[in-house]
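The values are calculated or read from the model by the stated rules, or taken from the named source; none is laboratory data. None of the values given here were measured: they were computed from a predicted structure. Here the Cβ positions follow ideal geometry from the backbone for every residue, glycine too, while neighbour counts run over all protein chains shown. Please note that ligands, DNA and RNA were not included when accessible areas were found on the heavy atoms of the full protein model with its side chains. Shrake-Rupley method; radii C 1.70, N 1.55, O 1.52, S 1.80 Å.
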Amino acid sequence: MRFAFHDPRADPAPAGWAEFSRAARLHPVWDYGVMGLEAWGARNPQLLVVAADGDDLVAAASVLVCRPRLAPRFAPRPGKRLLRPFWAEVCQPWLSGYPGIAFAPGVPDRAALVRRFERELGRRLGPGLLGVVHRALGEDLATGLGGRGRLVKRVDPVAVLENRFESEEDWIASLSKSRRAGLRRQRRRLAEDPSLVIRGGPGRTDLDGAALAGLIQAHRERYGRLALDTRTMPSAGFLDRFVRRPDVHTLTYADTGGKLIAVQTMLDHPDTPVLQHWAALPPAAGGKKWLYFDSYVRAVRFTAKRGARELSAGRGMIELKQELGFRPRPVYTAAVPRPVLGR
């Protein structure tokens with residue numbers, strides 16, 4: 001087995017990356033160009049670490065190299081070795097509920113391969129590495145990563161809707177009476193609201209990345225930062241290019257003057273579309289109630305037409321999402337201190 005480290009800011013994509021991405025059925029955020037855009041704007045930039053068996057890639061890990069809060073605001077330049085203590089997080093930024101490691105079909109003993117990744121991280125990143133945190137693991141992989149000195153903990157689940165619907169109306173009919181009535185009533189109100197402009201679709205070229213970034217930033221500040229969140233908010237430049245992709249669907253709500261009121265991004269995928277960013281103005285600042293629920297109606301409509309297996313809605317607000325027919329899927333975090341890396 002051969003391992004290779006790639007900095008998306010400076011290095012070319014691994015040989016065979018496109019073929020591996022298709023075989024592993026990766027979501028758009030695994031696109032190497034997207035990872036490069038994300039890394040350039042990130043305080044804790046990600047590396048792509050790949051494992052190859054001969055000429056074939058068999059696994060890949062997205063690794064954030066994280067520094068203490070007292071470290072400088074901006075990331076070090078590509079190739080510079082860190083001198084202060086740091087840790088590594090195996091995660092894929094902005095893909096909630098999915099691990100930061102992916103495998104080609106048929107790879108056996110995946111937990112053992114993850115431990116080999118850990119050993120390679122220790123060798124490559126050097127003595128300053130305090131340990132590795134694996135985020136958003138599924139139950140099967142988490143079970144195999146336990147052991148002495150290693151902490152595996154169940155965290156907030158991810159909400160997933162099994163797609164057994166021909167249309168959004170089938171989905172609405174499966175919900176409670178009060179929720180059905182509320183969704184249908186709000187759908188009528190929005191359709192009759194002359195002050196609201198609703199647009200959605202892939203590859204949007206009509207959007208201002210700065211307006212998107214500002215709305216997302218304000219929304220997250222209003223509801224508070226997630227505990228131990230090492231991600232950096234997506235930049236205007238990143239979002240401006242990201243929403244132009246044909247596999248990224250962006251739903252926007254604006255007033256007739258063009259002021260952005262709410263936005264949702266959704267990652268297209270043949271099996272599991274993922275609801276990614278949601279941000280909205282509060283009613284006191286010109287926002288409108290119920291847009292969040294309308295966005296779910298439209299996402300289910302897309303999923304039903306797509307014929308996808310399920311729709312993933314990320315973590316958080318799980319009780320509300322259960323009222324919309326989503327079920328919680330277990331998610332785990334594994335923390336591995338330096339002395340037991342790879343053991």
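Have a look at LEU129, THR230, VAL243 and report the one farthest towards the positive end of the charge dipole of region 119-248, computed about the Cα centre with Cβ charges (Lys/Arg +1, Asp/Glu -1).
LEU129
May I ask you to derive the FRET efficiency for ASP206 and ASP170 from their Cβ-Cβ distance with R0 = 45 Å, giving the value to the nearest 0.05?
E(calc), rounded to 0.05, equals 0.90.
From the phi of every residue in region 300-309, what ³J(HN,Hα) in whole Hz does the Karplus formula 6.51 cos²θ - 1.76 cosθ + 1.60 yield, where θ is phi - 60° and glycine or proline is x?
Running phi through 6.51 cos²θ - 1.76 cosθ + 1.60 with θ = phi - 60° gives 5, 4, 4, 5, 5, 5, 5, x, 6, 6 Hz.
Just to be sure I understand the model, the point goes 7 Å from the Cα along the line to the Cβ. What's the resulting ALA285 to ARG241 distance in nm?
With each label point 7 Å from Cα toward Cβ, the separation is 2.8 nm.
Need the C-alpha centroid separation for region 91-150 versus region 220-298, integer Å.
Rounded to whole Å, the Cα centres lie 29 Å apart.
Counting only C-alpha contacts under 8 Å and six or more residues apart, can you give the relative contact order of the chain as a whole percent?
Relative contact order, the chain: 23 percent.
Any idea of ASP53's accessible area? Nearest 10 Å², probe 1.4 Å.
100 Å²
May I ask you to give the average projected area over all directions of the convex hull of the Cα atoms of region 203-343, in nm² rounded to one decimal?
11.0 nm²
Could you give me the ³J(HN,Hα) list for region 283-294, computed from phi with Karplus coefficients 6.51, -1.76, 1.60 and θ = phi - 60°, whole Hz, x at Gly and Pro?
These are the phi-based 3J(HN,Hα) values: x, 5, 9, x, x, 10, 6, 6, 5, 4, 5, 4 Hz.
Search the structure for amide H atoms under 5 Å from the amide H of ALA104, placed 1.01 Å from N in the peptide plane, and list their residues when 5 or more places away or on another chain.
Under 5 Å from the amide H of ALA104: ALA59.
Counting only residues 5 or more places away or on other chains, whose amide H sits under 5 Å from the amide H of VAL155 once H atoms are built in the peptide plane?
HN-HN under 5 Å from VAL155: VAL331, TYR332, THR333.
Magnitude of the Cβ-charge dipole of region 232-343, K/R +1 and D/E -1, about the Cα centre, nearest 20 debye?
Dipole of region 232-343, to the nearest 20 debye: 220 debye.
Apply the Karplus parameterisation 6.51 cos²θ - 1.76 cosθ + 1.60, with θ equal to phi minus 60°, to every residue of region 106-116 and state each ³J(HN,Hα) to the nearest whole Hz, in sequence, with x for glycine and proline.
x, 6, x, 6, 5, 4, 5, 5, 4, 5, 5
Looking at the chain from every direction and averaging, what is the projected area of its Cα convex hull in nm²? Don't jump to the answer; show the numbers that get you there.
Working: hull surface 70.8 nm².
Orientation-averaged projected area of the Cα hull: 17.7 nm².
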